[in-house]
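Structure, as structure tokens:
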Amino acid sequence: MKIKTIKRITQSFIFVLICLAFWYLRYPLSDWFNPVYFFQLSPLAAAASFFLKPVILISAGLIIFTFIFGRVFCGWICPYGTIMDAISFFLKFFRKYKENYPKPLKSKYFLLAVLIILSFFGFQLIYLFEPVTVFARAFYFTLYSLKNNLLTDLFYKLMSADPGAVVEGIYSVFKSSIIENRHVVFNNSLITFIFFALPLFFVFFKRRFWCRYICPLGTCLAAVAKFSLLKRNSGICSSGCSGCVSQCRMNAIKKDNSYVPQECIVCGECIDIPCGKKSKFTFSFPFKIQSEKNAYGAGVTRKDFILWSAAAVTLFFSKKIFAKEQRNVIRPPGSLEEDLFKQKCIRCGNCIKVCVTNGLQPVLFETGLDGVWTPKLDANTGYCEYECVLCGEVCPTQAIEKLSESLKKETKIGIAKIQKDICVPWRDGLECLVCEEHCPVASKAIKLQKITVNGNEIQAPYIEEELCVGCSICENKCPASNNNKKGILIEPI
């Protein structure tokens, strides 16, 4: 069996497993399909978590693996890379990719350096570009919600028409294992999908464009893979056909059959090229120094230094202009202080996906440029379930700390405020007990008092602020609204 066939089977199998893990990230949480460890593989996650012990141990495993085998993660495991390979596979029937002599790829190293420096100064932008989180956000916020909602609507129509025992049995299976039996909606899903799809568009011009020129995770692994033990035999090609040059999706092979080890993703397809001297991968001494003639790339020029330094300074000062240091949205219970939270959050979307009420939503620019895709509690779509602690259990970097159920019930994330100009009892003198009835706090943070409105004595709600935890169920369930403003609102603390 050809190695490219083995690779495609392996890629497909791993891709399906990853999608299943993402799909089943919901209540009840399964240890078998909890993808939190997959996000912790990245050395960037270890840096974002300030080298949290579990994360650094897992990410160290990937670094060691890369040191031994090269960038196998990029070529065989990364789900974003798998999608790019699938697209280029179908495109080859309509166009032929041609590669020239490999050129120095300094831009992605500069980009990674800029992102790391900004992260060090508290401006986290790495995870706008990190491939696993880009894929996860698109999967959670677009693909999953779309398929779940379509299936839910389909079965709703079928079950409304007395379909019979067979369809009822299928629905029972789907409801317990495939669909959530409710509509799942995420804010800014179109923007998320565009950001995911745009790099895929460039596959029409260059295979693995993202991996070659941008990917920060791939850049980290490239620095390690340069010294990997597994190396491609780069002897002089006897036939001179240059077939492997055009075959290489990373443009890592030179015309003399030598290659750039840090750009090779060990796809192995060059091995399947029929020529006078077949390529092969063997283990060898890791620190073999290249001669000056075959050295890949040049040093940092003055122009490069000035250009990328200017970009870093511009982005840094843009944080001062656009960032909002005060917490102006409601964060999940257990979230760290706002600045630290935005540094440690890797925007994976796990907490948003696992939220049982669909209350957690991705932020766009509400918390500043450095808060894009971090989670917030949105009472328009849901609320914080009083006894739920799932968001802390699925956070890879503990930007949301794990809380016990008892501690979570005492954790304040906001304070309810009655809007007397909208609240039905206060405004119209008509009784409404919805917020008081739904308040989950045992001693009731929302209580009732007798008031007189328009000559009528009624019971109206008021807030015991020391008891309120800000779960937002009262705002979510409130029937009174005016211009999308409810009769009771939750303010962040």
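The values are calculated or read from the model by the stated rules, or taken from the named source; none is laboratory data. Computed from a predicted model, the values in this text were never measured in an experiment. Cβ coordinates were reconstructed from backbone atoms using ideal geometry, including for glycine residues, and neighbour counts include every protein chain displayed.
A few remarks follow.
- Within segment 435-483, the set of residues being outside any loop (DSSP other than H, G, I, E, B) and crowded, with 20+ Cβ neighbours inside 10 Å comprises CYS435, ILE446, ALA460, PRO461, ILE473, CYS474, GLU475, ASN476.
- Among residues of segment 149-167, those that are surrounded by 14 or more Cβ atoms within 10 Å (Cβ to Cβ) and over 26 Å from the mean Cα position of the chain (by Cα), counted: 4
- Condition met for LEU146 (touching a residue at least 12 places away in the same chain (Cβ under 8 Å) and surrounded by fewer than 19 Cβ atoms within 10 Å (Cβ to Cβ)): no
- Test: PHE73 is of a type in the set (A, V, I, L, M, F, W, C) and surrounded by fewer than 22 Cβ atoms within 10 Å (Cβ to Cβ): no
- Any pair with Cβ under 7 angstrom, 6 or more apart, that starts in segment 110-131 at a residue that is over 21 Å from ILE77 (Cα atoms) and ends at one that is among the basic types (Lys, Arg) and modelled with pLDDT under 85: PHE123/LYS319
- Count - residues of segment 21-40 that are surrounded by 16 or more Cβ atoms within 10 Å (Cβ to Cβ) and without any contact (Cβ under 8 Å) to a residue 60 or more places away in the chain: 2
Let's see how each residue does on (1) surrounded by fewer than 21 Cβ atoms within 10 Å (Cβ to Cβ); (2) modelled with pLDDT under 85; (3) under 14 Å from ASN233 (Cα atoms); (4) hydroxyl-bearing (Ser, Thr, Tyr):
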| residue | (1), (2), (3), (4) |
| --- | --- |
| GLN247 | yes, yes, no, no |
| MET250 | no, no, no, no |
| TYR259 | no, no, yes, yes |
| GLU269 | yes, yes, yes, no |
| LYS277 | yes, yes, yes, no |
| PHE317 | yes, yes, no, no |
| LYS324 | yes, yes, no, no |
| GLY349 | no, no, no, no |
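- ILE63 in the same structural domain as ALA113 (by TED's automatic domain parsing), of a type in the set (Val, Ile, Thr) and either touching a residue at least 40 places away in the same chain (Cβ under 8 Å) or more than 16 Å from THR133 (Cβ to Cβ) (or both): yes
- Residue identified as outside the structural domain of TYR383 (by TED's automatic domain parsing), at pLDDT 85 or above and under 27 Å from PRO199 (Cα atoms) among PHE135, PHE123: PHE135
- All told, LYS175 meets the bar of being out of contact with any Gly (no Cβ under 6 Å at 6 or more places or on another chain) and surrounded by 14 or more Cβ atoms within 10 Å (Cβ to Cβ).
Each row is one residue, and each column tells you yes or no for (1) in contact (Cβ under 8 Å) with a residue 24 or more places away in the chain; (2) assigned by TED's automatic domain parsing to the domain that holds GLU269; (3) aliphatic (A, V, I, L, M).
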residue	(1), (2), (3)
ALA165	no, no, yes
LEU230	yes, yes, yes
SER246	yes, yes, no
SER258	yes, yes, no
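- Any chance ASP339 is touching a Phe, Trp or Tyr at 6+ places or on another chain (Cβ under 8 Å) and more than 28 Å from CYS478 (Cα to Cα): no
- PRO163 passes every criterion in (1) under 26 Å from CYS264 (Cβ atoms); (2) part of a loop (DSSP other than H, G, I, E, B); (3) not β-branched (Val, Ile, Thr) apart from (1).
- Residue list for segment 390-418, restricted to those being under 13 Å from LEU360 (Cβ atoms) and of a type in the set (Val, Ile, Thr): VAL394, ILE400, ILE413
- Residues satisfying the stated conditions in segment 199-232, i.e. of a type in the set (Lys, Arg) and in a strand (DSSP E or B): LYS231, ARG232
- Test: residue in segment 107-119 that is among the basic types (Lys, Arg) and surrounded by 19 or more Cβ atoms within 10 Å (Cβ to Cβ): yes
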